[in-house]
Amino acid sequence: LDDANLTDANLQDAFLISASLNYAYLNRANLSKASLIGANLTGANPSHAIAIETNFSNANLSEVNFSNANLTKAKLDSTNLTKTNFSNANLSHSNLSKAKAIATKFKTATLTGICIENWVIDDKTNLEKAICEYIYLKENKQERRPLNLVQSFAAEEFSQIFRDILETKS
């Protein structure tokens, strides 16, 4: 399905395991609960897509434009997210464990409740104005931060923590 125009397509519950969707147009597509395990979507454009509970485990999502997409509870574990654009996307409660998010744009994305166990980011990963009340450091909702269940990160605190960590490494 490389270069396919799937704008507004209903792919809910679809099995697209190991599918090749390089540079496909998936604008406003419904991918909810679809299985794209091991799929290759390099350069695809699913902006404004609905991908709630979609399984992208082990997929190549490099340079994908997920701006304004809803990826609530998506499985993005062990994915390649290099240079992916998640601007204004909702990734609430998604699993990003072992994801490679090098030079990835999370600007103004909603990241509350994500799992970031062993994710890889760099100084080009953009977390500017990301909305994040809390995260999990381990899968299965383990090791919540902030620890206190009634506490949340202050505005920009999540972004600042990672900026500080990356600056320390440099």
Out of all DSSP beta bridges in region 1-64, what portion is antiparallel? Express it as a percent rounded to 5. 0
Just to be sure I understand, if you calculate log10 I(q)/I(0) by the Debye sum over Cα atoms at q = 0.10, 0.11 Å⁻¹ for this structure, which of [x] -0.33, -0.40; [y] -0.41, -0.49; [z] -0.54, -0.62 do you get? [x]
Kindly provide the trypsin sites (Lys or Arg not before Pro) of region 88-170 that DSSP labels as loop, not H, G, I, E or B, and whose Cβ sees at most 11 other Cβ atoms within 10 Å. Lys141
Anyone know which of Gln160, Gln12, Gln151 comes out most mobile in the 10 Å Cα GNM of the chain? Gln151
For the chain, what is the percent of antiparallel DSSP beta bridges, rounded to the nearest 5? 10
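Let a ≥ b ≥ c be the square roots of the eigenvalues of the Cα gyration tensor of region 54-112; is it rounded (a/c under 1.5), or, if not, prolate (a/b larger than b/c) or oblate? If you can, show how the numbers build up before the last one.
On the way: a/c = 1.62, a/b = 1.10, b/c = 1.47.
Oblate.
For region 1-106, what is the charge dipole size about the Cα centre, in debye to the nearest 20, if Lys and Arg each add +1 at the Cβ and Asp and Glu each add -1 at the Cβ? Display every interim value, and only then the final one.
Numbers: 8 positive and 7 negative charges, 71 e Å.
Approximately 340 debye in magnitude.
When the helix-only estimate is applied to the chain (DSSP H runs of n ≥ 4, each -39,500 (n - 2.57), divided by the residue count), what is the mean residue ellipticity at 222 nm, nearest 500 deg cm²/dmol?
Details: 1 runs with 13 residues, N = 170.
It comes out at -2500 deg cm²/dmol, rounded to the nearest 500.
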Normalising by the residue count of the chain, find the relative contact order in percent from Cα pairs under 8 Å and 6+ residues apart. 12
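The numbers here are math on the coordinates, done by the rules we state, and not lab data. Predicted model only: the values in this text are computed from it and were never measured. Positions of Cβ are backbone-derived with ideal geometry, glycine not excepted, and every protein chain shown enters the neighbour counts.
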